[in-house]
Amino acid sequence: MRRAFTLIELLVVIAVIALLVGILLPSLGQSRKASRTVVCAANLRSSGQGFVLYNNDHKEAVIPSYNMTGTTGGPGVPLDGWACILDRDGYIAGNDTKGGNPFYCPDTVDVAGVATGNTVSDPNNPKGWHDWPFERLGTANVAVTIPARGFDKIIRVAYWINADNPIGGEVDIIPDLFYTASVGYGPGGNRVTIRQTRLSAFARPAQLIALADGVYAGRQRDNQVGVTNNRIGFRHPGTNGIANAAFGDGHVAGIGGKEFPRALFGSATPEQVRAENALGKPSIYANPEKVLGR
């Protein structure tokens, strides 16, 4: 005759199952986080390869962060964006959703990230997304298509591009300063208009950050975790968060929230900027020695 479980035996089995579930659930959670990090890295690698193909097709010119006319990109002057260019020209197909979109990190916070302004303090802002193309209407950015230039759909982007993006002020333009630039920006007067960067400007492509987790472009001087106006999204697990980044040679690596290199004239001293962009470390400058000295 088959003997039934006693109540004590049943409770022991339930306790063992509960213990196993308690052990396994954190591991499963960590595995899911790790898999999302891998998907993000694959997205960035795909865009990096798209940049290389663009370089080859455009006589070593680097893809613009976007194309514009004049100083503000104001009403009536929609801005396209690098992801829109890759999509339109057939390098990588994107869309305006979270799923199946190579321009959207799976750990993105569902926040419409603010791309403009100088007082962005919301810690979720750099972990959010931005829609391209867009047009500035007052203080708001409104997504629009540009059929006349072949941009017939909206692309949702959750990555930051390392671009010279000086809109909003009368500034002196330094050619080939970062990975790319807002091509067409010209502050007027006798000052130059930004042109496309060339690959020949890159002193250390394997160290030059091209793309990273984040929103929009620019503000290189403030791009560490906890700094107001930061646009880098440290979305992945780590002591201070990790941002995945694609480099000028196409490889992808993670950078910690306190290790991301900054530019001059912001939250770091010149000595800190020089140390953060030193030989052997990731850099936001196309030619660090030229800008910072040795």
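The values are calculated or read from the model by the stated rules, or taken from the named source; none is laboratory data. Every value quoted in this text rests on a predicted model; they were computed, and no experiment measured them. For neighbour counting, all protein chains shown are included, and Cβ atoms are generated from backbone atoms with ideal geometry for every residue, glycine included.
Residues that are in a loop (DSSP other than H, G, I, E, B) and buried (at least 22 other Cβ atoms within 10 Å of the Cβ) within the stretch 275-294 comprise 277, 284, 285, 286, listed in sequence order. In the stretch 225-251, the residues that are on the phi > 0 side of the Ramachandran plot reach residues that are acidic (Asp, Glu) and not in a strand (DSSP E or B) with C-beta atoms within less than 9 angstrom, at least six apart or across chains, in these pairs: 229/222.
Restricted to the stretch 197-274, the set of strands (runs of 3 or more DSSP E) holding at least 1 residues that are under 18 Å from the mean Cα position of the chain (by Cα), under 20 Å from residue 126 (Cα atoms) and acidic (Asp, Glu) comprises 209-213.
The single condition among (1) modelled with pLDDT of 90 or more; (2) on the phi > 0 side of the Ramachandran plot; (3) surrounded by fewer than 21 Cβ atoms within 10 Å (Cβ to Cβ) that residue 117 does not meet is (1). Only one of the numbered conditions (1) touching a Lys or Arg at 6+ places or on another chain (Cβ under 6 Å); (2) under 15 Å from residue 37 (Cβ atoms) is violated by residue 257, and that is (1).
Just checking, does the stretch 131-150 include any residue being closer than 22 Å to residue 245 by Cα, of a type in the set (Phe, Trp, Tyr) and in contact (Cβ under 8 Å) with a residue 24 or more places away in the chain? The answer is yes; a qualifying residue exists. Within the stretch 35-66, restricting attention to residues that are of a type in the set (Phe, Trp, Tyr) and under 16 Å from the mean Cα position of the chain (by Cα), which residue is modelled with the highest pLDDT? Per the criteria, the residue is 51.
Comparison of 210, 245, 268, 217 shows that the only residue that is more than 22 Å from residue 48 (Cα to Cα) and surrounded by 18 or more Cβ atoms within 10 Å (Cβ to Cβ) is 268. If only residues of the stretch 125-169 that are under 13 Å from the mean Cα position of the chain (by Cα) and assigned to a loop (DSSP other than H, G, I, E, B) are counted, the one that is surrounded by the fewest Cβ atoms within 10 Å (Cβ to Cβ) is 128.
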